[in-house]
Amino acid sequence: MADSTHGIGTQAIGLALRGHRVTGTDLSPRAAARAAREAARRSLSLRTAAADMRRLPFPDGPFDTVVCADNSLPHLLTEQDVYAALTEMRRVLRPEGLLLVSTRHYDDLLRDRPASTPPQVHGNADCDEGEGRTVTFQLWHWHDDGEHYDLEHFQLLPAGREWRVQVRRTTYWALGRDRLAGLAAEAGFVDPEWQMPQETGFFQPLLVARAGE
């Protein structure tokens, strides 16, 4: 099983804990190394690699399943790049292998084009002076094409009686479900089907497809 999630290996480690043999990839060598450390802390066997999902460093057909989760694919901003990534995922799957891709609820977001997300409080909300709590929210700046948006992720961290602010910035393509399913079909996947959170219990819509012969 290949896992091309971003970050510190959340999906890869979770799958390994359930007994799957997992290879986790991330574009960042630092993130891939951290995922390996997190797995080692849990005494898990987890292969990791720094890799661009458009050029995966694996031979043809070694994996039963490819997981691209947590809105990773919409970091790619053109049809050409998304198609290239899906083609690579198809290449490293055995025939009839399974593809799982999760994204944000982009059909709804394309309709509403929100400018921000509600603040979320993490930690103990009863602590005094903000101690032990963090607050996160996002600002979204939509491009003129109505599909791409720049995201600013704000994290407020307690610092005594003050708050310290961390900001991360990135750009996404709000890739609708029909469009993504069509690109998957063009890349050689069959029977693409969207499964929604109310069916799966997962927090994002999930595209499920099989590698064609």
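The values are calculated or read from the model by the stated rules, or taken from the named source; none is laboratory data. Computed from a prediction, not measured in an experiment: that's the story for all the values here. Here the Cβ positions follow ideal geometry from the backbone for every residue, glycine too, while neighbour counts run over all protein chains shown. What goes into the accessible areas is simple: the full protein's heavy atoms, side chains included, and nothing from ligands, DNA or RNA. Shrake-Rupley method; radii C 1.70, N 1.55, O 1.52, S 1.80 Å.
Working only within the stretch 6-46, note down all residues that are basic (K, R) and either closer than 18 Å to L73 by Cβ or surrounded by 15 or more Cβ atoms within 10 Å (Cβ to Cβ) (or both).
R34
Could you go through the stretch 150-161 and let me know if any residue there is in contact with a helix residue (DSSP H, G or I) (Cβ under 7 Å, 6 or more places away or on another chain) and modelled with pLDDT under 95.
Yes - at least one qualifying residue is present in the stretch 150-161.
Just to be sure before I move on: is T65 buried (at least 23 other Cβ atoms within 10 Å of the Cβ), of a type in the set (S, T, Y) and not in a loop (DSSP other than H, G, I, E, B) in the structure I sent?
In short, no.
Right, F189: of a type in the set (F, W, Y), open to solvent by less than 60 Å² (accessible area, probe 1.4 Å), under 30 Å from R91 (Cβ atoms) and over 16 Å from the mean Cα position of the chain (by Cα) or not?
Answer is yes for this residue.
Would you check which residues across the stretch 168-184 are open to solvent by less than 50 Å² (accessible area, probe 1.4 Å) and either in contact (Cβ under 8 Å) with a residue 12 or more places away in the chain or acidic (D, E) (or both) and list them?
Selection gives T170, T171, Y172, W173, A174, L175, G176, L180, A181, L183, A184.
Which ones in the stretch 47-62 are farther than 23 Å from I13 by Cβ and surrounded by 15 or more Cβ atoms within 10 Å (Cβ to Cβ)?
R54
List pairs: first residue in the stretch 131-148 and in contact (Cβ under 8 Å) with a residue 40 or more places away in the chain, second residue among the aliphatic types (A, V, I, L, M) and in a loop (DSSP other than H, G, I, E, B) anywhere in the structure, Cβ distance under 8 angstrom, at least six positions apart or on different chains.
H148/L77; H148/A174
Before we move on, is D191 outside any helix (DSSP H, G or I), free of Cβ contacts under 8 Å to residues at least 40 places away in the same chain and within 18 Å of T78 (Cβ to Cβ)?
The answer is no for D191.
So which residues in the stretch 99-122 are hydrophobic (A, V, I, L, M, F, W, C) and part of a loop (DSSP other than H, G, I, E, B)?
A115
(1) out of contact with any helix residue (DSSP H, G or I) (no Cβ under 6 Å at 6 or more places or on another chain); (2) under 24 Å from Q120 (Cα atoms): which one isn't true of A174, the others all being true?
Tallying (1) out of contact with any helix residue (DSSP H, G or I) (no Cβ under 6 Å at 6 or more places or on another chain); (2) under 24 Å from Q120 (Cα atoms), A174 fails exactly one: (1).
For T87, state whether it is in contact (Cβ under 8 Å) with a residue 60 or more places away in the chain, of a type in the set (S, T, N, Q) and not in a helix (DSSP H, G or I).
no
Does the stretch 74-95 include one or more residues that are at pLDDT below 95 and open to solvent by 20 Å² or more (accessible area, probe 1.4 Å)?
So far as the stretch 74-95 goes, yes, one or more of its residues are at pLDDT below 95 and open to solvent by 20 Å² or more (accessible area, probe 1.4 Å).
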